[in-house]
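The values are calculated or read from the model by the stated rules, or taken from the named source; none is laboratory data. Treat the numbers as computed from the prediction; the structure is a model and nothing was measured. When we count neighbours, we look across all protein chains shown, and the Cβ atoms used for this are built from the backbone with ideal geometry, even at glycine.
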Amino acid sequence: MGALEFNMEAPYIVGVDLGGTTLTAGVVTREGEVVCTHQRPTEAERGPEVVIGNLVEAIEAVLSERGLSKSDVAGVGIGVPGHILSEEGVCVFSPNFVGWRNVKVTSPIEERVGLKVTIMNDVNTAALGEWWFGAGKGTESMVMLTLGTGIGGGVIVNGDIVLGHTEAAGEVGHQTILPEGPRCGCGNHGCIEAIAARDAIVGRALLKLQQGRKSILPQLVGGDLKRLDPKIIEDAARMGDEVAREVYEETGYYLGIAVSNLALILDPELIVIGGAIAKAGDLIFEPIRRTVAARCQMTEFDPQRIVPAQLGELSGVVGGAVLVMRKLGMKRPS
């Protein structure tokens with residue numbers, strides 16, 4: 001088989017969001033509309049071969065579900081967590097994926113699927129999706145954060161994604177907020193990811209319960225605290241539970257420090273926040289905005305320019321399609 005190329009004429013693109021817990025493959029039109037998706041567990045703890053196998057199966061499944069042949073597809077774009085070398089198709093390191101050091105990603109998928117594949121860091125990918133077709137449409141500078149299993153960031157300045165000298169730019173989840181804070185998956189201490197991502201939110205709630213605080217959280221999980229997750233804590237907060245509200249208030253405060261740093265350094269038109277934890281809405285956005293207002297008084301940055309992602313859980317899928325659109329030479333919608 002000769003070298004694969006992107007199909008300039010095909011009407012559809014497959015975009016894939018490789019999450020720490022779940023991966024989502026979607027069929028996307030050239031107008032950015034997601035017409036079909038397929039999800040399956042990532043199984044990140046089982047190593048690169050298993051994850052790549054799951055990616056292949058998800059791509060094939062979503063094409064089958066839509067009734068598409070390979071000739072209908074321009075290519076596949078995948079957002080991959082960690083430090084990515086896009087042109088080489090390699091993941092240098094992914095802190096929350098077991099065994100992911102210098103892993104070839106594109107070539108084994110191309111060999112098994114028979115379509116040209118391009119990759120980029122997952123949050124850079126989601127940022128491109130939001131910038132082309134979502135909350136950032138029409139802006140020239142934008143920062144995106146995703147809050148979930150980890151915390152990532154994508155930075156767009158003067159109309160292009162900032163990748164940096166070694167394509168490691170945008171790792172906003174690994175800025176140090178508390179130097180003596182908890183150990184992060186990257187090996188450092190006190191990263192915002194270790195303080196405000198999924199496990200940290202749950203850990204903050206568990207610590208308060210261990211301190212004897214009264215809460216409805218144990219009742220909501222039937223006494224099994226292993227079932228506790230950010231959504232249950234959000235539900236409790238909306239029921240007026242003081243412990244749960246404190247958890248989100250404290251999490252939003254730390255996130256606000258991280259966002260303030262970005263606002264002060266980059267002065268973007270917009271800061272877009274997505275991911276599963278951002279679904280908590282005002283519970284997380286209000287403390288973020290309050291903290292930014294207090295810490296960015298020397299600038300004209302308006303905290304109301306901190307907005308939720310519009311594409312929701314599909315930011316990464318649409319962004320994956322945008323990776324291919326860029327390879328096809330397509331222009332961003334005005």
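Evaluate region 204-214: report whether one residue or more is of a type outside the set (A, V, I, L, M), surrounded by fewer than 16 Cβ atoms within 10 Å (Cβ to Cβ), within 19 Å of the chain's Cα centre (by Cα) and not in a strand (DSSP E or B). Talk me through it step by step, then tell me what you get.
First, the residues of region 204-214 that are of a type outside the set (A, V, I, L, M): 204, 208, 210-214.
Going one step further and asking which of them are surrounded by fewer than 16 Cβ atoms within 10 Å (Cβ to Cβ), we end up with 210-214.
Next cut, within 19 Å of the chain's Cα centre (by Cα) only: none.
Within region 204-214 (the criterion being of a type outside the set (A, V, I, L, M), surrounded by fewer than 16 Cβ atoms within 10 Å (Cβ to Cβ), within 19 Å of the chain's Cα centre (by Cα) and not in a strand (DSSP E or B)), the answer is no, since none of the residues qualifies.
Against the definition (modelled with pLDDT of 95 or more, surrounded by 21 or more Cβ atoms within 10 Å (Cβ to Cβ), aliphatic (A, V, I, L, M) and in a helix (DSSP H, G or I)), how does residue 243 come out, yes or no? Walk me through it before giving the result.
On the way: modelled with pLDDT of 95 or more: yes; surrounded by 21 or more Cβ atoms within 10 Å (Cβ to Cβ): no; aliphatic (A, V, I, L, M): yes; in a helix (DSSP H, G or I): yes.
So residue 243 does not fit the description; no.
On the given criteria, is residue 109 buried (at least 24 other Cβ atoms within 10 Å of the Cβ) and within 13 Å of residue 89 (Cβ to Cβ)? Before you say what the answer is, go through the steps one by one.
Details: buried (at least 24 other Cβ atoms within 10 Å of the Cβ): no; within 13 Å of residue 89 (Cβ to Cβ): yes.
So residue 109 does not fit the description; no.
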query = Out of (1) in contact (Cβ under 8 Å) with a residue 24 or more places away in the chain; (2) in contact with a Pro (Cβ under 9 Å, 6 or more places away or on another chain), the odd one out for residue 225 is which?
reply = (1)
query = For region 142-162, how many residues are in a loop (DSSP other than H, G, I, E, B) and touching a residue at least 60 places away in the same chain (Cβ under 8 Å)?
reply = 3
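With the structure loaded, tell me whether residue 256 is buried (at least 17 other Cβ atoms within 10 Å of the Cβ) and in contact (Cβ under 8 Å) with a residue 24 or more places away in the chain or whether it fails that test. Step through it out loud before you land on a result.
Numbers: buried (at least 17 other Cβ atoms within 10 Å of the Cβ): yes; in contact (Cβ under 8 Å) with a residue 24 or more places away in the chain: yes.
The answer is yes for residue 256.
Listed here are the residues, each with its yes/no results for (1) modelled with pLDDT of 95 or more; (2) surrounded by 17 or more Cβ atoms within 10 Å (Cβ to Cβ).
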position	(1), (2)
3	no, no
8	yes, no
13	yes, yes
18	yes, yes
28	yes, yes
44	yes, yes
53	yes, no
note = Exception for residue 315 within (1) buried (at least 16 other Cβ atoms within 10 Å of the Cβ); (2) at pLDDT 95 or above falls at (2)
Residues (at pLDDT below 95 and on the phi > 0 side of the Ramachandran plot) located in region 165-208 = 167, 170, 187
request  = Answer yes if at least one residue in region 66-76 is part of a loop (DSSP other than H, G, I, E, B) and free of Cβ contacts under 8 Å to residues at least 12 places away in the same chain, and no otherwise.
outcome  = yes
